[in-house]
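The values are calculated or read from the model by the stated rules, or taken from the named source; none is laboratory data. Predicted model only: the values in this text are computed from it and were never measured. Every residue, glycine among them, receives a Cβ derived from its backbone with ideal geometry; neighbour counts consider all protein chains shown. Heavy atoms of the whole protein, side chains included, go into the accessibility calculation; ligands, DNA and RNA do not. Shrake-Rupley method; radii C 1.70, N 1.55, O 1.52, S 1.80 Å.
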Amino acid sequence: MPESTQQTPATPQRLDALVVGGGISGIYQLYRLKELGLDVRLLEAGSGVGGVWYWNRYPGARFDSESYTYGYFFSEELLDEWQWSEEYAGQPETERYLNHVVDRFGMRDLVLLEQRVTSAVYDEEAHEWTVTTAAGDVFRTRFLVTALGILSAPQFPRVPGLEDFTGEWHHTGLWPDTEVDFTGKRVAVLGTGSSGVQIIPFIAERCASLAVFQRTPNWCTPINNSPITPERARDIRSRIREIYEATQLSPSGSMHRPMTESSLDMDPEERRAHFDRLYNAPGLTMALANFRDVALDKSANAALTDFLSEKIRSRVADPQIAERLIPRDHGFGQKRPPLENGYYEVYNRDNVTLVSTAEETIERFTPTGIQTDRQHYDVDLIVFATGFAAVVGSYDRIDIRGVGGARLADHWAAGPRTYLGMQSAGFPNLFMVGGPQSTAGNIPRATEPQVDVVTACIAHMRENGLTEVTVTEAAEDEWIEHVNSGIVGTLQETAESWAFGSNVPGRQRVYLLYAGGLPQYRRKVAEAVESGYRGFAFSAA
Ligand code: N01
């Protein structure tokens, strides 16, 4: 729900452009608009920059993309001076990197922290936005760019009684910057998605006891992380442009591309050996560089899930627990698969219990723990690894009003409506970077073309004395049809996941991202720009 918008301080600060969100995409947008010579600021709700790498500071948080494909590529000096320590770097390193970039490129004074935006209202006469923050500050800006992140509105279970719980609790997406001590404590973790799978092994090693509440198991594969030696770093630096080109050709914006071969054409022994190689390969190789038909054909997918089920059985000592950890409701890759490091072995420890909420319903939180319909779990500390109101959840938290006072929330009532994932009809001069109906995957590679187009569009307007840019509902309809054509008929379409908003009770099931892949997305955007900003309409005040 939008927060209060009642405070109105006397003097709004006037700007050319305002970026909302200090994550990897917002920082890049700030850099580009500063470079263009605009009077620009960035508003960030947190006390530091980093976006997901600021908020998700839970132990175990790390990349699932290769570190050197995740950062920025706009500066050779930056590429020279920054060396990642691991193939998949941990959260503290990424947060340090983003702070380094902000300082290195003179952006620190342009970032205003602890400024949660509560409302944005368009002035049709002036072609400007009035943006208000929870602190009561007001900004007037011609251009508003939201870089809110697709996973930034934390989601809690709709279970009563948390206010009665007298112990400590934390959400992985709102982790404190002081150390959380698990030593000797009785801990419960709710949720076994990517965040749960990363934090659970860390807690298990330290706590007195751990109860993991699992609603749906996931297909987790080993991260197979390793340090980057100085020799490897030199090799990466020497090939960095080649690596970047590879990310541009990959659907996910990563180093990986699906194979062209069909797994079903292969002899079962050969196929198994191939799956084994992928299982022992680093990162998301299994998900992103597998046989093409694994994502499209049920039997090809089943051959892989049979293989993965055997892996789970071989790693978990108790056969009943192993069976509970094997997903039955979805195939591999239908949801983003968590990467793990010793996750399955956690369930071989004496201090860990797996509670399936499919078999045992959580009824409420009590002063001393968690009550299910079978028993009470006494705990000192609860960790919510229960995910996010994805993609549109961060927009729901801001009262955005466009032409005629129309609310963005109403315009999106039946699901998000955008053109190119970047603008919505009736909301001129408001650009979205990393918003709905655009590619996800390796996020900075996905939002980079958007930032570049927003920058080019603003430059074009300033050069031509234009003050307003908007898109039509017809352009939105065309984009929505294109977005849907990319997901219909895939195996992904049939799984319940945050990409469809399925994890938010009561939310209409609509695909929230763009499944057509980054190369196609970039082509679509380039075609629109090269044909004179097709689908956009410009005017002057
Ligand atoms: O969130 P999730 P996440 N009672 O929504 C469960 C990225 N990421 O934070 O599956 C009990 O995936 C829920 O169950 P179910 C990555 O893109 C990347 O883990 O809805 N359980 C699920 O198990 C990822 O996909 C990294 O039935 C409840 C879990 O909570 C995305 O972020 C690291 C419940 C939520 O899983 C989100 O991951 C971390 C309830 N009432 C995240 N409600 C990298 O590696 C929900 N759950 C870079």
TODO: Just name the residue that is least open to solvent (accessible area, probe 1.4 Å) out of those in the range 60-84 that are more than 19 Å from Val102 (Cβ to Cβ) and away from the ligand (no atom under 12 Å from the Cβ).
DONE: Thr69
- [ ] At least 2 residues that are of a type in the set (Val, Ile, Thr) in each: list the strands (runs of 3 or more DSSP E) lying fully within the range 335-446 that qualify.
- [x] 352-356, 362-366, 369-372, 381-384
Task: Selected residue [within 16 Å of the ligand (Cβ to nearest atom) and open to solvent by 60 Å² or more (accessible area, probe 1.4 Å)] from Glu496, Glu473, Glu478 - done: Glu496
Open item on the list: For the structure I just gave you, tell me whether Thr221 is within 16 Å of the ligand (Cβ to nearest atom) and open to solvent by less than 20 Å² (accessible area, probe 1.4 Å).
Closed with: yes
Task: Among (1) more than 14 Å from the ligand (Cβ to nearest atom); (2) within 27 Å of the chain's Cα centre (by Cα); (3) not assigned by TED's automatic domain parsing to the domain that holds Gly22 - the single one His170 does not satisfy - done: (1)
Open item on the list: Name the residue that is nearest to Asn348 (Cα to Cα), counting only residues in the range 174-189 that are within 16 Å of the ligand (Cβ to nearest atom) and out of contact with any Gly (no Cβ under 8 Å at 6 or more places or on another chain).
Closed with: Val187
- [ ] Tell me, yes or no, whether the range 146-162 has at least one residue that is surrounded by fewer than 23 Cβ atoms within 10 Å (Cβ to Cβ), part of a helix (DSSP H, G or I) and either within 16 Å of the ligand (Cβ to nearest atom) or outside the structural domain of Gln423 (by TED's automatic domain parsing) (or both).
- [x] yes
Task: Residue that is modelled with pLDDT of 95 or more, in contact with a Pro (Cβ under 6 Å, 6 or more places away or on another chain) and either within 16 Å of the ligand (Cβ to nearest atom) or closer than 21 Å to Gly193 by Cβ (or both), where the choices are Leu308, Leu284, Leu304, Leu325 - done: Leu325
TODO: Please state which of the following conditions Gly196 fails to meet, knowing it meets all the rest: (1) within 9 Å of the ligand (Cβ to nearest atom); (2) open to solvent by 20 Å² or more (accessible area, probe 1.4 Å).
DONE: (2)
TODO: Go through (1) at pLDDT 95 or above; (2) within 16 Å of the ligand (Cβ to nearest atom) and name the single condition Ile398 misses.
DONE: (2)
TODO: Kindly indicate whether Ala211 is more than 7 Å from the ligand (Cβ to nearest atom) and in contact with a Phe, Trp or Tyr (Cβ under 7 Å, 6 or more places away or on another chain).
DONE: yes
Open item on the list: Can you find a residue that is closer than 28 Å to Tyr511 by Cβ and not in a loop (DSSP other than H, G, I, E, B) anywhere in the range 265-276?
Closed with: no
